Amino acid sequence: MWFRNLQIYQLPEPFTPSAEELHEALLEKTFHPCSGLDTHRIGWSSPLGKVSDQLVHATNGRLMLCMRREDRLLPASVIREAVEEKAEAIEIQETRKVGRKEKSQIKEEVTVDLLPRAFTRSQLSYAYIDVKNNWIIVDANSANKAEEVLGLLRESLGSLRIKPLAVNQSPMSAMTDWVMNSAPADVEISDECELKEPVEKGGVIRIRGVLLASDEVQQHMKSGKQVSKLAFEWQQRLSCVLSDDLSVKRLKFLDLVLDELADTDADDAGARFDADFALMSLELARFIPALGQLLGGVNTD
């Protein structure tokens, strides 16, 4: 359950439904497996898995949700092979050439035949609503994947006004300054970054395992390239890669945080999940405002 990626959104107005009310709202979109000719299905699942049937897990004013997506696995190569076999059989039996239009029709027939028998794969996507701070945080490595979770939440609630986290200073400008000059006191820069020319379709250089204060890296920035991604540690409590779109990837909670978890007395899976969620969300409730301050403050307009 520990988030590895952060897509952060601001709620322009307080989120008022209680955990119980939110659970009731999500029930209509409960996950059901693929059936018939479904290529995929999405729906809400219990964040605690089989431990609970509740679709919302509440801890300290924060509401955890879990979306399950199931996809049928029907590779294009399998369909193509079946179409060719069927087309070849027709050509032999009827001594005629199968044209493109007929092959397209055969493809539809083959897909209808194979789809219900295809294997399926499920993926879980977690998100939580921080009612105290008016945020929604999705564990997704792209805005598009996060939007699938948020879209389902909008459908369940009827409407949901949100906007991506916005700050007053350009993240690219701030990160470039950290690397070229000095990082803020709470930030320890790692040996990994991405440099980008600040023009449309500009060149990109990815650097890993090189001291960013080296002449080679510094020369790239003096020539006009800016830092679009930067790996760093924050207060020795977590490490991550920050992108210029304010997405956070490869998030990792460090020993100072995990040692606190070791002191928690959790006897079963439900209690462990609750302890993990409480500690993670508390840490992110400190990190996200601090990140905003490092970038000139959160823009609430």
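The values are calculated or read from the model by the stated rules, or taken from the named source; none is laboratory data. Owing to the predicted nature of the structure, the values given are computational and were not obtained by experimental measurement. Ideal geometry is used to build each Cβ from the backbone, glycine not excepted, and the neighbour counts take in all protein chains shown. Accessible surface is based on the protein model in full, side chains and every heavy atom, while ligands, DNA and RNA are left aside. Shrake-Rupley method; radii C 1.70, N 1.55, O 1.52, S 1.80 Å.
Please compute the per residue accessible area over the stretch 39-138 with all protein chains in place, 1.4 Å probe, rounded to a whole number of Å².
59
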- Leaving out ligands, DNA and RNA, what percent of the accessible area of the stretch 165-301 is carbon and sulfur, probe 1.4 Å? 45
- Solvent exposure of the stretch 140-185 as accessible area per residue, Å², 1.4 Å probe: 50
- Subtract the Cα-Cα distance of L256 and A143 from 0.36 nm times their separation in residues, and report this length gain in nm to one decimal. 37.7 nm
- Task: Provide the FRET efficiency to the nearest 0.05 for the E216-N299 pair, computing r from the beta carbons and using R0 = 41 Å.
- Result: 0.75
- Note on the structure: In degrees rounded to 10, the 0-90 angle between helix 269-294 Cα long axis and the longest Cα principal axis of the chain is 60
- Beta carbons within 10 angstrom, averaged per residue: use that to sort the peptides 164-171, 99-106, highest first. 164-171, 99-106
- Item | Listed candidates (i) 24.4, 79; (ii) 19.0, 64; (iii) 22.2, 72 - label of the one calculated as Rg and Dmax of the Cα atoms in Å | (i)
- Task: Determine the share of the stretch 1-137's accessible area contributed by carbon and sulfur atoms, expressed in whole percent, with a 1.4 angstrom probe.
- Result: 50
- Message: Compute the orientation-averaged projected area for the stretch 171-280 from the convex hull of its Cα atoms and round it to one decimal in nm².
- Response: 8.3
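On a full-extension model of 0.36 nm per residue, what is the gain between E233 and S122, subtracting their alpha-carbon distance, rounded to one decimal in nm?
36.7 nm
On full extension of the chain, what length is gained from E200 through M180, given 0.36 nm per residue of separation minus the C-alpha to C-alpha distance?
Values: separation 20, 0.36 × 20 = 7.20 nm, distance 2.29 nm.
Contour length minus Cα-Cα distance gives 4.9 nm.
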